Amino acid sequence: MPVIAAIHKLGKLSRASQDTLIVMTGVVLTFVSASAFDLAERVNAWLLTYEYAQLDEVPLTLFVFVLLSVWFSQRRMREIHLEIQHRKRTEAQLSSSQQLYKTLFDGDLTGNVVLDVDGNIGMHNRAFDRICRPLEDDNNACALFSFDWPTFVSQLQYHLELNFNKLQIRRPDGLPCYVGARFVYVPAVERKPAQIHGYLVDMTEQCLVELDLERTLKENRVLARHAMQMQEQERKYIASEIHDETGQYLTAIRMDALTLQKSNPEQAHVIAVRIASNTQHVQQSIRALIKHLRPPALDSLGLIGAVERLVNDWKKLNPQVDCHLALDIGEQTLNEDTNIVAFRVVQEALTNIARHAQASEVWIDIHIIKRHDKSLLQIEIRDNGQGMDTGLATEGVGLVGMRERIESLQGSFKLMSGLQAGTLITGLLPLNTSKQARPAASLLSNPGVNDYATH
């Protein structure tokens, strides 16, 4: 029982304590055994028989050897301890450097990636994950880039470095992505295979802005060309009206006036009646021309009354379409530019619906809203027609004209549509705008706006 208890206590000690206890036990057992059997005397007696070999000096030599071994072991242990401390400090520094490298690598805004020559991703940071591969776990990057991978690798091996000012990325989710990229070829060294280091800078927002500016510039050119064509058509129409209608009646009036000087009273009465009739025709032609140039209902009825009259006239031409009106601007007085832009937007939208939408119902909503302590005139025109794909370019300038009209008064224009989903046009016009943000006189007053096409 005491032996078992001692074994249990021995198991609870540390390894160093156990080794020390074993050494002490071995020494004690050796001393007890030597004392019991007189080993020292027996060894000395045996050594005396070989006095010529001086074997009796061996114990002292062994004792010195043991002392020197202990001294040597202590020095080696001290050196090992110092080496261990140095390695611990080195490992701590290495771990800190690795952590710093990992932090810098992962926190970099540039997408960094390490690839092999087959396009397999060995290492990448979070920026690369954010830019290029948000949805899939595929570890091959060949499909991400818009170039032929084998050709790219051969060119990179020849030049060692390739730069791309604008490179399109094929994101798995289909979202547009453009980057500025640099690829560096690292040749194979000993057992380490060749690598390709890639550095990507996200330029998607900048490229989309450039594409939007390019599209806007193209639309503005088309709109300006169309505006000039419409201006020339209006000039031709006005000249024709003046020549064919007003000019002929004025010539007749002048001829009757000359004849009146030489006529008798009976003839003068007939000529005067003819002059009055011709004058009435001239006045009617001028009124028709003025109505063509500017809707008179805006001046006499205001925006709400003018839109109601416009819708009533439109419904007579399109009786199969049910048009719902919700018009209310309260006591707010709108300036002339706002009235004209709002009226022309509604006019253009109704024209496009009649031509292209194939709708059975139309909703027109004009009212004043408050947003960020500012009063805005909101115009919404919605239909349940066939809609359109807003992602495709259109050849017409109707929608462009509406947007330009609204944005010329520092407003905002929004189009929502889809195939067989109808169309919603929303325009917001600030009511405190007294001047136009940019020249748009031709768009505000061009009477040919209802001839624009949206598709």
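The values are calculated or read from the model by the stated rules, or taken from the named source; none is laboratory data. Computed from a prediction, not measured in an experiment: that's the story for all the values here. A quick note on method: Cβ atoms are made from the backbone with ideal geometry, for glycine too, and the neighbour counts reach across all protein chains shown.
In table form, for the structure just shown:
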read-out	value
Among the candidates ALA224, ALA188, residue that is among the hydrophobic types (A, V, I, L, M, F, W, C) and either closer than 30 Å to LEU289 by Cβ or surrounded by 12 or more Cβ atoms within 10 Å (Cβ to Cβ) (or both)	ALA224
Among the residues listed as ASP337, ASP299, the single one being of a type in the set (Asp, Glu) and out of contact with any helix residue (DSSP H, G or I) (no Cβ under 8 Å at 6 or more places or on another chain)	ASP299
Which numbered condition GLN157 fails, given (1) modelled with pLDDT of 85 or more; (2) crowded, with 16+ Cβ neighbours inside 10 Å; (3) not in a strand (DSSP E or B)	(2)
Selection within the range 334-354 - crowded, with 21+ Cβ neighbours inside 10 Å and among the acidic types (Asp, Glu)	GLU348
Residue within the range 319-330 that is at pLDDT 85 or above, among the polar types (S, T, N, Q) and crowded, with 18+ Cβ neighbours inside 10 Å present	no
Selection count where residues are within 18 Å of ILE196 (Cα to Cα), of a type in the set (A, V, I, L, M) and outside any helix (DSSP H, G or I), scope the range 82-134	6
Hits in the range 279-311 (condition: touching a Pro at 6+ places or on another chain (Cβ under 8 Å) and at pLDDT below 75)	ILE290, HIS292, LEU293, ARG294
Helices (runs of 4 or more DSSP H) enclosed by the range 231-320 - at least 1 residues per element that are more than 30 Å from HIS356 (Cβ to Cβ) and touching a residue at least 24 places away in the same chain (Cβ under 8 Å)	248-262, 265-293
Residue match in the range 145-153 (condition: touching a helix residue (DSSP H, G or I) at 6+ places or on another chain (Cβ under 6 Å) and more than 17 Å from GLN195 (Cα to Cα))	no
Residue within the range 271-286 that is under 30 Å from LEU160 (Cβ atoms) and surrounded by 11 or more Cβ atoms within 10 Å (Cβ to Cβ) present	no
Residue tally, condition farther than 13 Å from PHE164 by Cβ and among the aromatic types (Phe, Trp, Tyr), over the range 175-218	1
Criterion: on the phi > 0 side of the Ramachandran plot, assigned by TED's automatic domain parsing to the domain that holds ILE369 and not aliphatic (A, V, I, L, M) - qualifying residue of GLY305, GLY330	GLY330
Hits in the range 204-237 - residues which are among the aliphatic types (A, V, I, L, M) and out of contact with any helix residue (DSSP H, G or I) (no Cβ under 8 Å at 6 or more places or on another chain)	LEU208, VAL209, LEU211, LEU213, LEU217, ALA224, MET228
Residue in the range 176-185 that is loosely packed, with under 13 Cβ neighbours inside 10 Å, at pLDDT below 90 and over 12 Å from GLY111 (Cβ atoms) present	yes
Residues satisfying the stated conditions in the range 184-215, i.e. more than 18 Å from the chain's Cα centre (by Cα) and either among the basic types (Lys, Arg) or outside any strand (DSSP E or B) (or both)	PRO187, ALA188, GLU190, ARG191, LYS192, PRO193, ALA194
